[in-house]
Amino acid sequence: MADNGGVWERELIEKLATAALKEQRRARRWGIFWKLLTFAYLTVIILLAVDWKSGGEGKAGKHTALVEISGLIAPGTDASAEKIATALQAAFKDKNTQGVVVRINSPGGSPVQAQNIFDEMRRLRQKYPNTPLYAVVEDVCASGGYYVAAAADRIYVAKSSIVGSIGVRMDSFGVTGLMDKLGIERRLLTAGDNKGMLDPFLPLEDKHKQFALGLMNEIHEQFIGAVREGRGTRLKETPETFSGLIWSGAKSVELGLADAFGSLDFVAREVIKAEDIVDYTQKENIAEKFARRFGAGAASMLAELALRQVPAFR
């Protein structure tokens with residue numbers, strides 16, 4: 001009996017010890033979890049505090065105001081008309097701004113967004129006649145990017161920059177032959193004779209092609225008008241100026257598409273005479289970053305497929 005009692009006691013002690021160890025491990029895991037959660041919370045709060053601080057806020061003294069236009073000019077991007085307009089307004093409004101520089105590195109994008117930025121730049125330049133507005137081109141200033149640059153007083157480029165592409169394109173595809181081979185039948189019901197225009201799963205009708213070309217030509221003429229308005233007599237027009245070709249920065253100066261060579265620092269120091277540069281660019285906030293990383297990829301792919309069938313400066 002004594003031996004049995006000893007075995008029972010040992011088993012009880014082992015169970016209690018095991019339970020205690022499990023409880024300690026559970027407590028440690030929860031402790032680590034709450035510490036990580038607290039760390040993540042504080043990190044988000046700090047980042048949000050940084051994001052909430054608007055561009056140029058807290059800067060004093062006479063300076064050159066910078067607004068970046070980088071990447072695709074389209075709604076929902078850092079180069080959207082909404083963000084660029086907000087940045088430009090803040091830059092011009094600051095009494096210490098001696099001049100505004102729009103630094104461009106963009107292949108183009110939405111005609112509407114580019115036109116809205118162009119119009120806002122022209123409006124602000126008239127509202128603040130004593131504040132010069134310059135464009136500085138980095139690697140690429142094409143299509144919608146050049147549309148925007150044309151609104152500036154002067155355009156500065158690097159010799160190897162890519163400039164131009166003054167034209168409009170509409171992307172689509174056709175798979176009717178493949179569908180016939182696979183025995184797939186396209187069934188499309190529309191209310192409106194032309195509602196299925198440019199459907200990639202249907203043969204391209206000549207009347208739809210001509211209509212699309214007319215639409216693109218109309219937008220192209222708007223683009224040409226903006227360039228002529230912005231560049232004036234400096235533009236040395238040739239039959240190829242508005243053909244959609246691109247040129248090097250060196251050639252763009254020869255053609256009057258740009259004015260001179262110069263970087264952001266050069267323009268701030270030598271042209272505006274205000275070496276201190278303050279960035280007014282509206283940056284992507286935390287919520288937008290999370291949305292873009294977790295789920296926006298699929299949405300962007302679908303949006304790109306849709307946008308391929310509308311005119312674009314690309």
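The values are calculated or read from the model by the stated rules, or taken from the named source; none is laboratory data. Remember, it's a predicted structure, so these values are computed and weren't measured experimentally. Counting neighbours? That spans all protein chains shown, and the Cβs are built from the backbone with ideal geometry, glycine included. Surface areas here come from the heavy atoms of the whole protein model, side chains and all, with no ligands, DNA or RNA. Shrake-Rupley method; radii C 1.70, N 1.55, O 1.52, S 1.80 Å.
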Exercise for review: From the P(r) of segment 141-247, can you give the percent of Cα pairs sitting at distances over 18 Å?
Suggested key: 61 percent
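Considering only Cα-Cα distances, which of the following residue pairs are longer than 32 Å: LYS62/LYS159; LYS236/LYS283; LYS159/LYS283; LYS62/LYS251?
Working: LYS62/LYS159 30 Å; LYS236/LYS283 37 Å; LYS159/LYS283 29 Å; LYS62/LYS251 34 Å.
Distance filter (> 32 Å) returns LYS236/LYS283; LYS62/LYS251.
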Check your understanding: Which log10 I(q)/I(0) values, to two decimals, does segment 211-258 give at q = 0.23, 0.25 Å⁻¹ under the Debye formula with one point per Cα?
Key -> -0.86, -0.96
Exercise for review: For ILE73, list long-range residues whose amide hydrogen, built 1.01 Å from N in the peptide plane, is under 5 Å from its own amide hydrogen.
Suggested key: GLY108, GLY109, SER110
Exercise for review: Using per-residue counts of other Cβ atoms within 10 Å, averaged over each peptide, order 187-196, 101-110 from highest down.
Suggested key: 101-110, 187-196
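Summing Lys, Arg as +1 and Asp, Glu as -1, what charge do residues with Cβ under 12 Å from the Cβ of LYS15 carry, LYS15 excluded? Display every interim value, and only then the final one.
Working: positive: ARG10, LYS22; negative: GLU9, GLU11, GLU14.
For residues surrounding LYS15, the net value is -1.
How many percent of the accessible area of segment 110-262 is carbon or sulfur, using a 1.4 Å probe? Please report the intermediate quantities before stating the final value.
Working: 4350 of 8290 Å².
Carbon and sulfur atoms account for 53 percent of the accessible area of segment 110-262.
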Review point. How would you rank 62-68, 175-181, highest first, on the average number of other Cβ atoms within 10 Å across their residues?
Key: 62-68, 175-181
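For segment 130-214, what is the accessible area per residue in Å², given a 1.4 Å probe and the full set of protein chains? Don't skip to the answer; put the middle values down first.
On the way: 4750 Å² over 85 residues.
For segment 130-214, the per-residue accessible area is 56 Å².
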